[in-house]
Amino acid sequence: MTLPRDREEEFRIRIFTLIQDQIRKVIDMYKIALSMLESFVQDPNPTKLEDFYQKILKADESAKDTTRMIEMEMSNVGALLTNKEDFIRLVTEIDEIADTVEGIAYRMVNLAKMKTKLSRELNSKLLELGDMVLSTLNRLRETLLAITLNATTFQQKMRETEEHEKKVDDIYRTLDLSILTSELKIAPLLLTREIVWMLEEIADTAERIVDTLRALSLTIF
């Protein structure tokens, strides 16, 4: 006979497996955006960036398919799953990262259409920020994997994610000030600031996801 607690553990593992697939797809989507950013820095060609943008839209749809699958799974589980609200919040927050990535890509295409060329310093800092955001997302994924393993590894990975988010904040503040004091015209300046803010927002969302995972871990470990 399968006890309700055993069933809940089975459902929890199933949902975490799907969420791990969701974050994998979102990170793959972000990697396309990072390649797009590198391409923009080297040669802001709107046609080339539009191709990247279309790839991101396809990746976004794939990630959203997984999101819908998770929502359906949770709907089928019903009351058997405790902390259901935390799981819903977790899935929603990961989906928010995907939406932010799509928004960054859209703005990059339009920045290229404006024939914007950033200084070497801004390009360097922009790539540094993009790389650090990726490092934060990778730590977040490791945290998601660790929550199904053991408490010690999970705690370590949470700390690493938070440490990387703080590094993103430091780079962002310096870069934002550099943009404000640059010689960019008003429209590309505002658009560049938006892109940089959205990159930082991805790391902030990763930190919020860690808080959600911390709440979920109380019923696991």
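General remarks:
- Ranking of Val91, Val168 by count of other Cβ atoms within 10 Å, fewest first: Val91, Val168
- Listed residue pairs exceeding 24 Å between alpha carbons, taken from Lys48/Lys115; Lys55/Lys115; Lys31/Lys113; Lys58/Lys185; Lys115/Lys167; Lys25/Lys84: Lys58/Lys185; Lys115/Lys167
- Anisotropy class of the stretch 57-186 from Cα gyration tensor, a/c 1.5 cut: oblate
- For the chain, built as a Gaussian network whose Cα springs stay under 10 Å, the top-fluctuating residue of Glu121, Glu194, Glu163: Glu121
- Mean residue ellipticity (222 nm) of the chain, computed from DSSP H runs ≥ 4 via -39,500 (n - 2.57), nearest 500: -31000 deg cm²/dmol
- Chain lengthening between Ser35 and Lys48 when straightened (0.36 nm per residue, less Cα-Cα): 3.6 nm
- Three-way shape label, the stretch 27-69, alpha-carbon gyration tensor, a/c 1.5: oblate
Values in this text are rule-based calculations from the coordinates and carry no lab data. The structure displayed is predicted, hence computed values, not measured ones. Cβ: placed from backbone, ideal geometry, glycine included. Neighbour counts: every protein chain shown.
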